[in-house]
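Enquirer: Take this structure, written in structure tokens, and hold onto it; I'll ask about it next.
The values are calculated or read from the model by the stated rules, or taken from the named source; none is laboratory data. Just so it is clear, the model here is predicted, and its values are computed rather than measured. Because the Cβ atoms are built from the backbone with ideal geometry, glycine has one as well, and the counts that use them run over all protein chains shown.
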Number of protein chains: 2
Amino acid sequence: MPSPWITDERAALVTDLYQLTMLQAYRREGLDADATFDLFVRRLPPSRSYLVACGLDDTLRYLEAVRFTDDALDYLGTLGLFDAAFLDGLRGFRFTGTVRAVPEGTVVFANEPILEVTAPIAEAQLVETFLLNQVTFQTAIASKAARVVRAARGRPVAEFGMRRAHGTDAALKGARATWIAGCASTSDVEAGRVYGIPVSGTMAHSYIEAHDGEADAFRAFAALYPETVLLVDTYDTLRGVERVIALARELGDAFAVRALRLDSGDLAALAKAARRMLDEAGLTGVGLFASSSLDEYAITELIEAGAPIDGFGVGTRLATSSDAPALDSVYKLAAYAGQPRMKLAEGKTTLPGAKQVWRRTGPDGRFSGDVIGTADEALEGTPLLVEVMRDGRRTDAGRDDLAAIRARAADQLARLPERLHALEPAEPPYPVEVSARLGALRDEVQAALRRQHALPGR
Amino acid sequence: MPSPWITDERAALVTDLYQLTMLQAYRREGLDADATFDLFVRRLPPSRSYLVACGLDDTLRYLEAVRFTDDALDYLGTLGLFDAAFLDGLRGFRFTGTVRAVPEGTVVFANEPILEVTAPIAEAQLVETFLLNQVTFQTAIASKAARVVRAARGRPVAEFGMRRAHGTDAALKGARATWIAGCASTSDVEAGRVYGIPVSGTMAHSYIEAHDGEADAFRAFAALYPETVLLVDTYDTLRGVERVIALARELGDAFAVRALRLDSGDLAALAKAARRMLDEAGLTGVGLFASSSLDEYAITELIEAGAPIDGFGVGTRLATSSDAPALDSVYKLAAYAGQPRMKLAEGKTTLPGAKQVWRRTGPDGRFSGDVIGTADEALEGTPLLVEVMRDGRRTDAGRDDLAAIRARAADQLARLPERLHALEPAEPPYPVEVSARLGALRDEVQAALRRQHALPGR
């Protein structure tokens with residue numbers, strides 16, 4: 001069996017079968033004009049008031065690299081669906097199109113194109129699945145992370161979710177997404193290597209248990225890593241705190257433990273008790289770090305309960321965006337051969353033509369509303385979509401570095417209306433309108449389609 | 001920047017930082033005895049009455065392959081945490097341990113070891129994160145898929161979730177997990193190539209929209225793929241059905257379209273209307289295939305509403321296990337240097353020592369209850385854990401083929417008590433007990449720890 005690892009040169013088959021059957025049909029029918037597709041989210045999850053766009057870099061890397069290998073073509077040949085000439089044609093497949101996108105780290109809302117692909121229809125169609133796959137989950141994780149970081153009110157959030165992320169790709173790119181949205185570090189060592197994100201970690205219960213006594217484990221770990229974080233709840237949290245205090249007395253000036261980690265029980269009550277014990281022992285510089293099924297709701301409760309916690313380790317609920325593990329993301333044909341296109345399916349109608357999103361800023365420096373317009377009109381505010389790839393190659397705007405992306409996200413989040421940062425859905429939601437020109441185009445295309453399909457006007 | 005794709009030879013850094021800091025501490029302290037770790041799920045999600053174990057094959061492949069490359073060691077050297085001798089020692093890192101596991105496709109419950117690793121503590125510790133990462137999400141997806149397949153009551157379920165799965169690893173291995181649990185096919189072409197799973201797909205709205213008329217699109221696609229499934233809801237579902245009927249009249253005996261796909265609106269009502277129209281036109285052999293935010297709940301509603309639907313395409317909610325995107329999976333030290341170990345943390349106590357799970361079958365051939373015992377006792381029923389790796393190499397039992405795993409899952413699911421297949425939590429839940437011997441061991445270790453830590457007995 002071939003290795004189940006995916007790499008760039010094998011990513012052409014990271015697609016839905018129908019993309020390939022449609023490609024053969026397009027070729028057979030001579031449909032090879034340029035198509036424009038929008039990638040956007042139809043509706044925000046009920047628990048999200050905004051999204052943080054993420055995933056563009058992996059998307060562009062794929063578009064530059066995607067090829068059909070011999071292995072891939074051999075496999076497709078076994079399916080009995082594709083003729084030899086078509087498969088041979090795939091050998092030369094390259095993505096040669098143009099991509100406009102909102103830069104990673106930008107805040108986006110429902111119906112706003114996150115990226116727009118214009119290319120010969122076969123190219124634009126094939127890449128749909130990979131683009132959706134990467135942008136959807138990365139945006140979901142970045143959006144969740146922004147909420148968690150906000151809830152921590154300036155206290156650092158360490159991302160610990162790798163073990164419950166959905167596979168290695170999700171762990172790696174999820175770590176990047178959480179860093180973009182403001183997390184302080186990740187436990188994922190490979191993410192540290194690949195992206196240069198700060199890596200952090202404490203110790204596991206197994207380390208404590210491998211020793212005959214908890215005090216021995218603390219002493220040994222602190223000897224090797226003086227500024228470490230000690231995990232105190234393996235047997236009993238407050239006994240653990242007592243042992244750290246004893247170790248501090250034993251080590252005197254050599255004691256440099258940075259914090260204690262609480263990982264079970266009533267975290268608010270334990271943090272208060274531990275803080276009191278540490279302070280009474282003169283260990284005011286030793287912080288408290290909490291973990292255990294945390295998310296923005298649990299963190300808010302802890303802080304509002306006055307828990308003296310200095311940092312949070314957040315894993316599963318962040319790495320899986322557990323309350324909204326998917327976004328209603330789609331990649332829809334907006335134009336073909338220069339003609340605007342749309343779909344009328346009930347509850348799933350789309351906006352035709354190439355677009356631009358304009359964002360206005362109020363006198364307080366906060367975003368006050370967006371308008372989705374046609375690509376060729378100029379509206380008030382700042383346009384969000386920029387050209388990140390032309391003729392299959394990245395532009396300078398498509399080469400954002402990670403630090404710039406993280407800074408952008410911080411700026412964008414600071415400029416959101418305050419009500420969008422509430423845990424509950426913002427009321428009213430952020431205003432996103434359709435411009436008069438795009439609205440007229442939509443109505444016109446829709447009316448023509450209704451006439452063509454003999455449907456009642458609505 | 002290095003490519004963000006993970007491959008076997010780079011998987012050593014797919015771990016949490018603390019594994020490596022603990023490794024260095026173990027080495028420094030001379031802690032190198034064998035450790036036994038259990039991987040299990042502490043509690044089932046509220047919406048799950050059982051789990052389908054999945055992910056072992058990727059786990060064993062990783063254990064055979066994991067190495068530290070020069071790149072990895074260079075990176076670790078930059079962190080200022082590890083000394084040169086330790087990093088040099090990692091160069092020779094190999095997993096040389098033993099793994100016992102429940103075969104993939106086996107039904108498991110809370111607290112039952114899904115796999116157990118025994119190896120020198122550094123080896124057993126390092127691999128924790130990767131093992132949890134793979135087993136957790138694959139088991140979550142397989143368990144969700146079993147529910148969805150069951151809800152379809154014999155109608156085929158096509159897995160369409162790749163675009164919203166969390167990255168490429170999740171899409172690929174998730175497709176495998178859904179196939180194991182009984183899905184009929186996947187849309188994921190790479191999963192077809194790697195695993196030999198049947199691939200399937202229909203057509204996208206964009207294909208229809210790229211044509212000037214829907215009828216033209218249907219005609220062209222059916223000419224190339226006579227036994228295809230036509231998507232009829234792009235503009236208006238029942239107009240779409242009319243056009244298929246017209247095409248059937250036009251093509252006569254050459255018409256071989258297998259089914260129509262409904263993807264929006266009131267699926268039950270549309271299916272009934274479409275069925276009536278097709279039947280009246282004599283097209284009784286043309287089936288109806290439905291998609292659009294389906295899961296086990298929506299499918300049950302459709303079937304109970306009498307919707308004449310012959311197959312389902314299920315995507316997002318399956319590929320993300322959206323109502324339970326993570327399992328409360330852990331990897332806990334059970335023994336070190338021959339001594340049983342456990343943790344007492346509130347609400348998170350573990351069972352000490354190497355274990356076996358025994359499953360009893362009632363007179364009706366259905367599973368009637370499990371007992372978790374010590375590894376060295378013989379109890380009634382069938383033992384679930386088998387040795388799948390010895391001295392770092394797979395045993396024959398660790399080389400299950402996919403067809404055998406899928407057949408096992410089908411057999412296991414058929415042997416579950418019927419109440420476990422309800423959409424709502426089974427009442428009473430499946431009985432899982434701790435054997436008298438394991439219970440006595442737990443009490444003994446716990447009492448010793450309580451004495452050691454001067455905690456009140458409970």
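Enquirer: Go through the range B:114-156 residue by residue and tally those that are touching a residue at least 60 places away in the same chain (Cβ under 8 Å) and more than 16 Å from the chain's Cα centre (by Cα). Before you say what the answer is, go through the steps one by one.
Expert: Here is the first cut: in the range B:114-156, the ones touching a residue at least 60 places away in the same chain (Cβ under 8 Å) are B:114-122, B:124-148, B:150-153, B:155-156.
Retained after the next criterion (residues that are more than 16 Å from the chain's Cα centre (by Cα)): B:116-122, B:124-129, B:151-153, B:155-156.
Of the residues in the range B:114-156, 18 are touching a residue at least 60 places away in the same chain (Cβ under 8 Å) and more than 16 Å from the chain's Cα centre (by Cα).
Enquirer: Quick one: is B:Leu44 in contact (Cβ under 8 Å) with a residue 24 or more places away in the chain, surrounded by fewer than 24 Cβ atoms within 10 Å (Cβ to Cβ), of a type outside the set (Ser, Thr, Tyr) and under 25 Å from A:Glu209 (Cβ atoms)? Give the steps one after another, and end with the answer.
Expert: Working: in contact (Cβ under 8 Å) with a residue 24 or more places away in the chain: yes; surrounded by fewer than 24 Cβ atoms within 10 Å (Cβ to Cβ): yes; of a type outside the set (Ser, Thr, Tyr): yes; under 25 Å from A:Glu209 (Cβ atoms): no.
Spelling it out, it is not the case that B:Leu44 is in contact (Cβ under 8 Å) with a residue 24 or more places away in the chain, surrounded by fewer than 24 Cβ atoms within 10 Å (Cβ to Cβ), of a type outside the set (Ser, Thr, Tyr) and under 25 Å from A:Glu209 (Cβ atoms).
Enquirer: Yes or no: B:Ala337 crowded, with 19+ Cβ neighbours inside 10 Å, over 18 Å from B:Ala274 (Cβ atoms) and either among the hydrophobic types (A, V, I, L, M, F, W, C) or free of Cβ contacts under 8 Å to residues at least 24 places away in the same chain (or both)?
Expert: Working: crowded, with 19+ Cβ neighbours inside 10 Å: no; over 18 Å from B:Ala274 (Cβ atoms): yes; either among the hydrophobic types (A, V, I, L, M, F, W, C) or free of Cβ contacts under 8 Å to residues at least 24 places away in the same chain (or both): yes.
The answer is no for B:Ala337.
Enquirer: Take B:Ser293 and tell me if it is at the interface with chain A (Cβ under 9 Å from one of its Cβ atoms) and either surrounded by fewer than 23 Cβ atoms within 10 Å (Cβ to Cβ) or free of Cβ contacts under 8 Å to residues at least 24 places away in the same chain (or both). Write out each step before concluding.
Expert: Details: at the interface with chain A (Cβ under 9 Å from one of its Cβ atoms): yes; either surrounded by fewer than 23 Cβ atoms within 10 Å (Cβ to Cβ) or free of Cβ contacts under 8 Å to residues at least 24 places away in the same chain (or both): yes.
Judged against the criteria, B:Ser293 is a match.
Enquirer: Please identify the pairs in which a residue from the range B:160-186 that is facing chain A (nearest Cβ under 7 Å) and closer than 8 Å to A:Asn133 by Cα has its Cβ atom under 7 Å from the Cβ atom of a residue that is assigned to a helix (DSSP H, G or I) and of a type in the set (Ser, Thr, Tyr), counting only partners at least 6 apart or on another chain.
Expert: B:Met162/A:Thr129; B:Arg163/A:Thr129; B:Arg163/A:Thr136; B:Arg164/A:Thr136; B:Arg164/B:Thr316
Enquirer: Has the range B:385-393 got at least one residue that is over 30 Å from B:Thr178 (Cα atoms), of a type in the set (Val, Ile, Thr) and at pLDDT 95 or above?
Expert: So the first thing to find is which residues in the range B:385-393 are over 30 Å from B:Thr178 (Cα atoms), and the list is B:391.
Retained after the next criterion (residues that are of a type in the set (Val, Ile, Thr)): none.
Scanning the range B:385-393, I find no residue that is over 30 Å from B:Thr178 (Cα atoms), of a type in the set (Val, Ile, Thr) and at pLDDT 95 or above, so the answer is no.
Enquirer: Now for a different question. Looking at this structure, is B:Arg94 basic (Lys, Arg), at pLDDT 95 or above and under 30 Å from B:Ala422 (Cβ atoms)? Please lay out each step first, then the result.
Expert: Details: basic (Lys, Arg): yes; at pLDDT 95 or above: yes; under 30 Å from B:Ala422 (Cβ atoms): no.
When the stated conditions are applied, B:Arg94 does not pass them.
Each row is one residue, and each column tells you yes or no for (1) in a helix (DSSP H, G or I); (2) within 24 Å of B:Arg163 (Cα to Cα); (3) within 14 Å of chain A (Cβ to nearest Cβ); (4) among the aliphatic types (A, V, I, L, M).
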position: B:Ala222; (1), (2), (3), (4): yes, no, yes, yes
position: B:Glu227; (1), (2), (3), (4): no, no, yes, no
position: B:Val241; (1), (2), (3), (4): yes, no, yes, yes
position: B:Leu251; (1), (2), (3), (4): yes, no, no, yes
position: B:Met277; (1), (2), (3), (4): yes, no, no, yes
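Enquirer: Please find, within the range A:187-204, the residue that is farthest from the other protein chains (Cβ to nearest Cβ) out of those that are buried (at least 24 other Cβ atoms within 10 Å of the Cβ) and not in a loop (DSSP other than H, G, I, E, B).
Expert: Taking the range A:187-204 as the starting set, the residues that turn out to be buried (at least 24 other Cβ atoms within 10 Å of the Cβ) are A:187-191, A:199, A:201-202.
Remaining after also requiring not in a loop (DSSP other than H, G, I, E, B): A:188-191, A:199.
Working: A:Asp188: 7, A:Val189: 4, A:Glu190: 4, A:Ala191: 9, A:Val199: 5 Å.
Looking at the filtered set, the residue picked out is A:Ala191.
Enquirer: Suppose the filter is in contact with a Lys or Arg (Cβ under 9 Å, 6 or more places away or on another chain), at pLDDT 95 or above and at the interface with chain A (Cβ under 9 Å from one of its Cβ atoms); does B:Leu327 pass it? Give the steps one after another, and end with the answer.
Expert: Numbers: in contact with a Lys or Arg (Cβ under 9 Å, 6 or more places away or on another chain): yes; at pLDDT 95 or above: yes; at the interface with chain A (Cβ under 9 Å from one of its Cβ atoms): yes.
Considered against the rule, which asks whether it is in contact with a Lys or Arg (Cβ under 9 Å, 6 or more places away or on another chain), at pLDDT 95 or above and at the interface with chain A (Cβ under 9 Å from one of its Cβ atoms), B:Leu327 comes out as yes.
Enquirer: Could you tell me whether A:Ala246 is more than 9 Å from chain B (Cβ to nearest Cβ) and buried (at least 22 other Cβ atoms within 10 Å of the Cβ)?
Expert: Judged against the criteria, A:Ala246 is not a match.
Enquirer: Give me the residue from the range A:18-40 that is crowded, with 21+ Cβ neighbours inside 10 Å and without any contact (Cβ under 8 Å) to a residue 60 or more places away in the chain and, out of that set, nearest to the other protein chains (Cβ to nearest Cβ).
Expert: A:Tyr18
Enquirer: Further, regarding this structure: Tell me which residues, restricted to the range B:153-170, are out of contact with any His (no Cβ under 9 Å at 6 or more places or on another chain) and either more than 24 Å from A:Gln138 (Cβ to Cβ) or not in a strand (DSSP E or B) (or both). Let's see the steps before the verdict.
Expert: Step one: filter the range B:153-170 for residues out of contact with any His (no Cβ under 9 Å at 6 or more places or on another chain), giving B:153-164, B:168.
Hits for the range B:153-170 are B:Arg153, B:Gly154, B:Arg155, B:Pro156, B:Val157, B:Ala158, B:Phe160, B:Gly161, B:Met162, B:Arg163, B:Arg164, B:Thr168.
Enquirer: Related question: Check B:Ala409, B:Ala414 and return the single one that is surrounded by 12 or more Cβ atoms within 10 Å (Cβ to Cβ), of a type in the set (Gly, Ala, Ser) and under 19 Å from the mean Cα position of the chain (by Cα).
Expert: Numbers: B:Ala414 fails: surrounded by 12 or more Cβ atoms within 10 Å (Cβ to Cβ).
Checking each option against the conditions leaves just B:Ala409.
Enquirer: Hey, among the residues in the range B:73-87 that are closer than 25 Å to B:Gly392 by Cβ and either of a type in the set (D, E, K, R) or away from every other protein chain (no Cβ under 11 Å) (or both), which one's surrounded by the fewest Cβ atoms within 10 Å (Cβ to Cβ)?
Expert: B:Ala85
Enquirer: Between a residue in the range B:258-287 that is under 18 Å from B:Ala246 (Cβ atoms) and any residue that is basic (Lys, Arg) and crowded, with 17+ Cβ neighbours inside 10 Å, which pairs come within a Cβ distance under 8 Å, given they are 6 or more apart or on different chains?
Expert: B:Val286/B:Arg258
Enquirer: Please find, among B:Thr96, B:Thr136, B:Thr129, the residue that is within 14 Å of chain A (Cβ to nearest Cβ), farther than 30 Å from A:Tyr331 by Cβ and hydroxyl-bearing (Ser, Thr, Tyr).
Expert: Working: B:Thr96 fails: within 14 Å of chain A (Cβ to nearest Cβ); B:Thr136 fails: farther than 30 Å from A:Tyr331 by Cβ.
After applying the criteria, what remains is B:Thr129.
Enquirer: Looking at B:Arg366, B:Arg399 in this structure, which one is within 30 Å of B:Trp179 (Cα to Cα) and more than 14 Å from every other protein chain (Cβ to nearest Cβ)?
Expert: On the way: B:Arg399 fails: more than 14 Å from every other protein chain (Cβ to nearest Cβ).
So the residue among B:Arg366, B:Arg399 that is within 30 Å of B:Trp179 (Cα to Cα) and more than 14 Å from every other protein chain (Cβ to nearest Cβ) is B:Arg366.
Enquirer: Would you call A:Leu90 farther than 16 Å from A:Met22 by Cα, within 13 Å of chain B (Cβ to nearest Cβ) and crowded, with 20+ Cβ neighbours inside 10 Å?
Expert: Numbers: farther than 16 Å from A:Met22 by Cα: no; within 13 Å of chain B (Cβ to nearest Cβ): yes; crowded, with 20+ Cβ neighbours inside 10 Å: yes.
Spelling it out, it is not the case that A:Leu90 is farther than 16 Å from A:Met22 by Cα, within 13 Å of chain B (Cβ to nearest Cβ) and crowded, with 20+ Cβ neighbours inside 10 Å.
Enquirer: Collect the residues in the range B:212-232 that are at pLDDT below 95 and either acidic (Asp, Glu) or crowded, with 18+ Cβ neighbours inside 10 Å (or both), keeping them in residue-number order. Write out each step before concluding.
Expert: Within the range B:212-232, the first condition is being at pLDDT below 95, and the residues that meet it are B:212-213.
Residue satisfying the conditions is B:Asp212 alone.
Enquirer: Scan the range A:14-31 and give yes if some residue there is over 30 Å from A:Pro428 (Cβ atoms), within 23 Å of the chain's Cα centre (by Cα) and assigned to a helix (DSSP H, G or I), otherwise no. Working first, answer last.
Expert: Let us first name the residues in the range A:14-31 that are over 30 Å from A:Pro428 (Cβ atoms), namely A:14-31.
In the following step, the residues that additionally are within 23 Å of the chain's Cα centre (by Cα) were identified as A:14-16.
Within this subset, residues satisfying the condition of being assigned to a helix (DSSP H, G or I) are none.
Among the residues of the range A:14-31, not one is over 30 Å from A:Pro428 (Cβ atoms), within 23 Å of the chain's Cα centre (by Cα) and assigned to a helix (DSSP H, G or I), which makes the answer no.
Enquirer: Here is a follow-up. Quick check, is B:Arg258 in contact with a Gly (Cβ under 9 Å, 6 or more places away or on another chain), at pLDDT 95 or above, surrounded by fewer than 19 Cβ atoms within 10 Å (Cβ to Cβ) and more than 11 Å from chain A (Cβ to nearest Cβ)? Outline the logic, then answer.
Expert: Numbers: in contact with a Gly (Cβ under 9 Å, 6 or more places away or on another chain): yes; at pLDDT 95 or above: yes; surrounded by fewer than 19 Cβ atoms within 10 Å (Cβ to Cβ): yes; more than 11 Å from chain A (Cβ to nearest Cβ): yes.
In short, yes.
Enquirer: Can you name the condition, by its number, that A:Pro352 falls short on among (1) outside the structural domain of A:Ala440 (by TED's automatic domain parsing); (2) touching a Pro at 6+ places or on another chain (Cβ under 8 Å); (3) over 30 Å from A:Ala170 (Cα atoms)?
Expert: (1)
Enquirer: Quick one: is A:Ala436 in the same structural domain as A:Val99 (by TED's automatic domain parsing) and over 30 Å from B:Val244 (Cα atoms)?
Expert: Judged against the criteria, A:Ala436 is a match.
Per-residue answers, yes or no, for (1) in contact with a Lys or Arg (Cβ under 9 Å, 6 or more places away or on another chain); (2) over 21 Å from A:Arg42 (Cα atoms):
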position: A:Arg408; (1), (2): no, yes
position: A:Asp411; (1), (2): no, yes
position: A:Ala414; (1), (2): yes, yes
position: A:Leu420; (1), (2): no, no
position: A:Glu424; (1), (2): no, no
position: A:Glu427; (1), (2): yes, no
position: A:Val434; (1), (2): yes, no
position: A:Leu438; (1), (2): yes, no
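Enquirer: Residue by residue through the range B:389-403, note down the ones that are without any contact (Cβ under 8 Å) to a residue 24 or more places away in the chain and either in a strand (DSSP E or B) or among the small types (Gly, Ala, Ser) (or both). Give the steps one after another, and end with the answer.
Expert: Here is the first cut: in the range B:389-403, the ones without any contact (Cβ under 8 Å) to a residue 24 or more places away in the chain are B:395-396, B:399, B:401, B:403.
Once the filter is applied, which keeps residues that are without any contact (Cβ under 8 Å) to a residue 24 or more places away in the chain and either in a strand (DSSP E or B) or among the small types (Gly, Ala, Ser) (or both), the range B:389-403 yields only B:Ala403.
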